[in-house]
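No value in this document is a laboratory result; all are computed from the given coordinates. Model, not experiment: these values are computed from the prediction. Every residue, glycine as well, gets a Cβ built from its backbone with ideal geometry; the counts of neighbours run over all protein chains shown.
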Amino acid sequence: MGTVSLNLFPIISSRQRLDINRVFSKRLFRHKTSTNKFFCIDDQISKNFSSDLRRLSSATNKKDSGIVLEKDSESLTNGQLSSKMHEGLGIIDFFGGKKLLITGATGFLAKVLVEKILRKMPEVDKMYLLIKAKDKEAAMERLMKEIVNTKLFECLREKQGTFFKKFILSKLVPVVGNMCETNLGIEEDVANRIAREVDVIINSVATTTFDERFDVALDLNTVGAARILTFAKKCEKLKLYVHLSTAYVCRQSEGKIIGQSFGKGHYVASSSDIFEEPHKHVHGLDIKAEIKLASEMKKSLKENEIDQKLKDLGMSRAQEYGWPNTYAFTKAMGEMVVEDIKGHLPVIIIRPSIIESTLKEPFPGWIEGNRMIDPVMILYGKGKIPGFYSDPNIALDVIPVDIVVNSTLAAIAKHGREESKPEDSNSSDDHVYQITSSVANPLVCRELSDMAYQHFSLFPCFDRMENPIHISTFMFFTSLEDFLSDMKNTNGNEKISPRKELIRRKSMEHFKYLAEIYQPYSFFDGRFDNKGVEKLMKCLSEKERKEFGFDVSSIDWKDYIIRVHFPGIRKHVMKERVSEIKPLQYNSCIIQNSQIHQLSAVKKQTS
């Protein structure tokens with residue numbers, strides 16, 4: 001899931017149990033990295049990209065046995081299913097001796113993925129990690145500083161003991177590269193070696209800023225997909241290409257959202273196709289024209305205009321075609337590119353929703369950076385905002401990062417086996433996995449705010465004078481005007497110094513920006529179906545369920561949010577020390593007050 005550009009104050013690690021038996025309100029359901037050069041892509045890749053699009057768009061659409069195989073699997077006898085469950089997917093066996101290429105390895109999700117593979121599948125041969133750096137020494141420095149030496153790897157460090165460094169250096173190979181360059185910016189001899197050896201490619205690189213410059217987002221999220229797929233086609237023994245995307249590539253914003261692929265020719269749909277499947281086609285969208293538009297605008301602008309104008313362009317183009325922001329739009333186009341030029345290459349697409357801190361592994365609560373829901377909760381806990389501009393009844397589709405990793409590893413093992421046929425995985429939507437929670441186990445926004453109130457009431461943040469910051473129950477605003485008006489009243493109208501007035505004005509601008517950029521999600525009324533992942537889970541053996549489980553329906557949101565996620569944010573993001581976490585000694589009256597509030601303080605728009 002995407003992020004927004006924020007300059008937020010620093011977040012407690014508390015493993016103390018909260019014994020408040022809070023009665024939640026009934027769940028409500030509704031049916032309804034930048035570069036200076038633009039697109040460093042050489043003529044050869046450009047030709048490959050264009051020729052692949054032409055070839056595939058003119059190719060006949062042959063039906064294969066994929067759908068028949070799915071029907072056959074549905075009709076398995078109970079005995080066959082029992083045998084299959086006992087055998088499992090063989091996840092550990094699959095990764096044994098395999099060589100992987102992983103892009104975006106310094107990112108949040110990829111780090112957890114790498115750690116899990118090393119800890120649970122140490123027999124993996126090698127992982128080539130594409131790292132943007134000036135030379136090999138700089139790449140190794142980033143590997144050690146940003147990945148290996150982080151707290152995330154403490155469990156693995158303890159497990160390996162004195163052999164940890166040797167183990168790491170034997171398994172992880174930093175590769176100097178750049179997704180904005182031809183051949184991924186990898187030296188020719190290194191690229192040739194990887195192409196000869198690699199079994200699985202996992203593309204995790206992306207810019208996730210919602211309102212990123214259009215040229216930058218296109219370069220990484222869209223054209224980057226073409227570059228790495230072009231490289232993947234050169235790999236002699238490649239068993240699988242894994243494309244990490246987002247559930248929000250859909251343009252649908254209400255009702256049940258099925259995990260469908262965009263399919264070949266998505267953006268050149270005929271009018272008849274549009275009427276048949278209105279959510280699956282985008283009439284008039286031309287990816288190459290979008291790339292050209294961004295490039296030409298950049299050339300025409302003055303230096304001091306480039307950033308803002310290209311940000312505005314990305315948001316306007318996204319919204320014109322029905323996506324909420326530049327991030328979702330360019331990731332969707334990236335998927336379209338993958339579907340159009342993959343040919344017979346075995347491909348799976350992973351679409352997680354809002355990725356947050358670890359649920360269990362390698363330990364509960366690890367997180368890096370401000371994720372989707374965190375900026376608002378941090379501001380609320382620090383007493384900066386009384387609530388937010390949001391519908392209290394929507395389901396926030398949150399998914400812990402280790403659940404995403406386990407699901408991805410299982411999908412790789414299922415689709416990456418040598419006996420699997422490329423046409424089987426490419427013939428239907430079986431290669432698309434929505435790793436989501438809003439259908440299987442929804443977390444309603446009202447309940448999240450209730451949890452936030454509980455946590456920050458019992459474990460408050462402290463101001464500069466080390467006084468506890470007292471918060472009120474979370475309020476929901478149905479209009480942006482009401483939200484901003486309340487913020488102005490909260491800040492007061494008394495005369496203050498020019499410096500403080502400047503700070504207050506900038507804060508108001510930031511709150512407005514936050515409300516506007518989050519609006520498509522804070523009023524998002526869709527629910528993501530995860531049947532593909534549930535079907536995948538049935539393939540696991542009992543042992544695999546314990547080591548690689550990803551049952552979203554079993555998550556206790558109250559326990560996860562209050563005792564795992566919030567403490568994790570405060571420790572790993574806000575950098576609060578454990579010693580600073582001091583629960584307040586509340587009397588029974590305050591506890592009772594906490595229990596009877598239903599957090600339904602919705603400020604209705606004034607007539």
*Given a Förster distance of 30 angstrom, what is the FRET efficiency for His470 paired with Asp556, based on the Cβ-Cβ distance and rounded to 0.05?*
0.60
*How far is it, in nm, from the label point at Glu534 to the one at Met144 when both lie 7 Å from their Cα along the line to the Cβ?*
4.9 nm
*asked:* Longer than 30 Å from Cα to Cα, which of Lys233/Lys538; Lys136/Lys299; Lys342/Lys414; Lys132/Lys298; Lys506/Lys571 are they? Say none if no pair is.
replied: Lys233/Lys538; Lys136/Lys299
*Taking 0.36 nm per residue of separation and subtracting the Cα-Cα distance, what length does fully extending Gln308 through Thr162 add?*
47.5 nm
*For Glu254 and Glu137, compute 0.36 nm times the residue count separating them, minus their Cα-Cα distance, and round to one decimal in nm.*
37.2 nm
*Burial ranking of peptide ranges 515-527, 284-296 (average Cβ count within 10 Å, highest at the top)*: 515-527, 284-296
*Picking from Tyr321, Val376, Val338, whose Cα lies most toward the positive end of the charge dipole for the range 301-388 (charges on Cβ: Lys, Arg +1; Asp, Glu -1)?*
Val376
*Could you sort out which of Lys237/Lys543; Lys98/Lys234; Lys239/Lys311 sit more than 26 Å apart by Cα distance in this structure?*
Lys237/Lys543; Lys239/Lys311
*Using 20 Å as the cut-off for backbone N distance, which residues of the range 210-241 belong to the label zone defined by a point 7 Å from the Cα of Glu509 along Cα→Cβ?*
210-213
*At what distance in nm do the modelled label points of Lys151 and Glu516 sit from each other, each positioned 7 Å from its Cα along Cα→Cβ?*
3.5 nm
*Can you figure out the FRET efficiency of Arg119 with Asn192, using R₀ = 30 Å and their beta-carbon distance, to the nearest 0.05?*
0.45
*Prolate/oblate/rounded label for the range 322-379 (Cα gyration tensor, a/c 1.5)*: oblate
*For labels at Glu87 and Ala289 in the simple 7 Å Cα→Cβ model, what's the distance in nm?*
5.0 nm
_So, R0 is 22 Å and r is the distance between the beta-carbons of Glu542 and Arg417; what FRET efficiency does that work out to, to 0.05?_
0.60
*If you count, for each residue, the other Cβ atoms within 10 Å and average over each peptide, how do 480-488, 564-572 line up from highest to lowest?*
564-572, 480-488
_Stretch gain in nm, segment Lys171-Glu320, where the contour uses 0.36 nm per residue and the Cα spacing is subtracted_ = 49.1 nm
*Using only the Cα atoms of the range 332-453, build the gyration tensor, take square roots of its eigenvalues as a ≥ b ≥ c, and label the shape rounded, prolate or oblate: rounded if a/c is under 1.5, else prolate if a/b is larger than b/c, else oblate.*
prolate
*Could the peptides 450-457, 358-365, 397-404 be put in order, highest first, of the mean number of other beta-carbon atoms found within 10 Å of their residues?*
397-404, 450-457, 358-365
